[in-house]
1. Only one of GLU42, GLU53 is in a helix (DSSP H, G or I), out of contact with any Ser or Thr (no Cβ under 8 Å at 6 or more places or on another chain) and at pLDDT 70 or above. Can you tell me which?
2. Starting from residues that are touching a helix residue (DSSP H, G or I) at 6+ places or on another chain (Cβ under 7 Å) and surrounded by 13 or more Cβ atoms within 10 Å (Cβ to Cβ), keep the ones in the range 109-121 and report whichever is farthest from LEU86 (Cα to Cα).
3. Would you point out which residue out of SER63, SER106 is small (Gly, Ala, Ser), surrounded by fewer than 13 Cβ atoms within 10 Å (Cβ to Cβ), under 25 Å from the mean Cα position of the chain (by Cα) and within 30 Å of LEU37 (Cβ to Cβ)?
Amino acid sequence: MDNHDRNYTLIVMGKRIPVTKEVYKAYYQCRDREKYLNKLSEYKNISLEDCNERGISLEYIISALTDSLEDEIVHREMVKRLQQCLLRLNEAERQLIISLFYYEKSERQLAAEIGIPRMTLHDRKVKILGKLKKLMEK
């Protein structure tokens, strides 16, 4: 069979759909590029030669790395600030927040453990989160 006579298809939602050769090639080029970029992001080790071969601009890589570095710095600062604000809560407030958010207990579970109605616990949580928000904004 000659390559010009070949039928090109892609599987879409479990069904084989006929497509042109150009669509078929474009699809697999995009898929291969996505796989490559995913592989790069896993290793976080990018050579300039590989980027040039694959058509990835250095500016794009630098901006992506800069954005993630900035995001990481902001995240760390926010966590540090949150920890400082948690220390400004009284012990009962702090324990409630830690139980719900760090130990990931449900409101129902925690309410049963400390022997109060769930809605009472919920109201306390909302009030404490409001207090934390004000502390974070200062």
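1. GLU53
2. Within the range 109-121, the match that is farthest from LEU86 (Cα to Cα) is ARG118.
3. Answer to the check: SER63.
The values are calculated or read from the model by the stated rules, or taken from the named source; none is laboratory data. The structure presented is a predicted model; accordingly, all values stated were derived computationally and were not measured. Cβ coordinates were reconstructed from backbone atoms using ideal geometry, including for glycine residues, and neighbour counts include every protein chain displayed.
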